[in-house]
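A short worksheet on the structure shown next.
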Amino acid sequence: MKYSDIDQQKSAFVFELDNVIYPEKDYLFQVYYLFASFLEYTELVDAKLITALMVDTYNTQGKDAVFDKVKEKFAIDEKYRINFQHLLLTVKLPLKLLVYQALLDMLQEIVVDRKKIFIVANDNPALQLNKIKQTEWHGLENYLFCYFAEEISPMPEPDVLHLLMKEHGLARRDVVMVGYSEAAANSAEACGIDYYNIREIL
């Protein structure tokens with residue numbers, strides 16, 4: 001699906017952040033590499049083995065299981081959980097996050113068409129802001145309106161969508177949302193706006 005396939009009467013486009021703008025793993029895997037390097041320095045363990053375990057755990061069990069798996073496998077002290085969590089929130093990435101090419105093309109067309117772009121992030125606001133700051137936007141950052149759902153009510157509650165519509169004078173018929181998660185889909189449905197899964201675009 002291309003931008004031209006979407007109802008041209010839409011004047012505002014809302015995008016979820018993770019796995020919609022960029023692949024979330026591109027952020028997390030860089031964090032894993034840096035954390036493993038830190039453990040190699042402090043605990044004299046093999047950073048390559050730790051990184052491989054973290055990536056494999058992410059792929060098979062999800063991101064919430066990563067630290068516990070490292071702790072179990074390498075007998076890492078619980079105190080390092082704080083270091084890991086702090087790194088997730090504040091990391092300065094070696095490589096910038098790249099927007100999916102098909103999505104970048106769409107965002108550029110939206111800007112040329114003088115329509116509004118919103119990013120709605122549904123996780124820890126400090127973490128999500130750090131991701132946004134380290135994304136290569138190709139100048140599009142000047143056209144973005146960013147909202148952090150947890151500062152209002154986490155999705156699937158539709159409160160953040162109601163707020164952005166109110167603040168920008170938008171009706172339901174004006175807005176379309178592109179998301180990845182079930183929470184985003186449910187939020188859009190509850191708000192009564194059109195919704196596309198990112199898989200329909202990429």
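The table below lists the values:
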read-out	value
Residue check, Lys25 charged (D, E, K, R), modelled with pLDDT of 95 or more, in a loop (DSSP other than H, G, I, E, B) and over 30 Å from Ala171 (Cα atoms)	no
Inter-residue pairs, beta-carbon under 9 Å, first closer than 16 Å to Tyr80 by Cα and in the stretch 50-68, second not in a helix (DSSP H, G or I), 6+ apart	Ile50/Ile76; Phe67/Ile76
Residue within the stretch 98-109 that is surrounded by fewer than 17 Cβ atoms within 10 Å (Cβ to Cβ), modelled with pLDDT of 95 or more and in contact with an Asp or Glu (Cβ under 7 Å, 6 or more places away or on another chain) present	yes
Qualifying residue in the stretch 114-123 (condition: modelled with pLDDT under 95 and not basic (Lys, Arg))	yes
Residue selected from the stretch 110-126 under the condition in a helix (DSSP H, G or I) and touching a helix residue (DSSP H, G or I) at 6+ places or on another chain (Cβ under 8 Å), by the criterion surrounded by the most Cβ atoms within 10 Å (Cβ to Cβ)	Ile110
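Listed here are the residues, each with its yes/no results for (1) within 20 Å of Val66 (Cα to Cα); (2) in the same structural domain as Gln8 (by TED's automatic domain parsing); (3) touching a residue at least 12 places away in the same chain (Cβ under 8 Å).
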| position | (1), (2), (3) |
| --- | --- |
| Arg81 | yes, no, yes |
| Leu104 | no, yes, yes |
| Ile110 | no, yes, yes |
| Lys116 | no, yes, yes |
| Gln128 | yes, yes, yes |
| Ile132 | no, yes, yes |
| Glu136 | no, yes, yes |
| Leu140 | no, yes, yes |
| Leu144 | no, yes, yes |
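The values are calculated or read from the model by the stated rules, or taken from the named source; none is laboratory data. The structure displayed is predicted, hence computed values, not measured ones. Note that each Cβ is placed from the backbone with ideal geometry, even for glycine, and that neighbours are counted across all protein chains shown.
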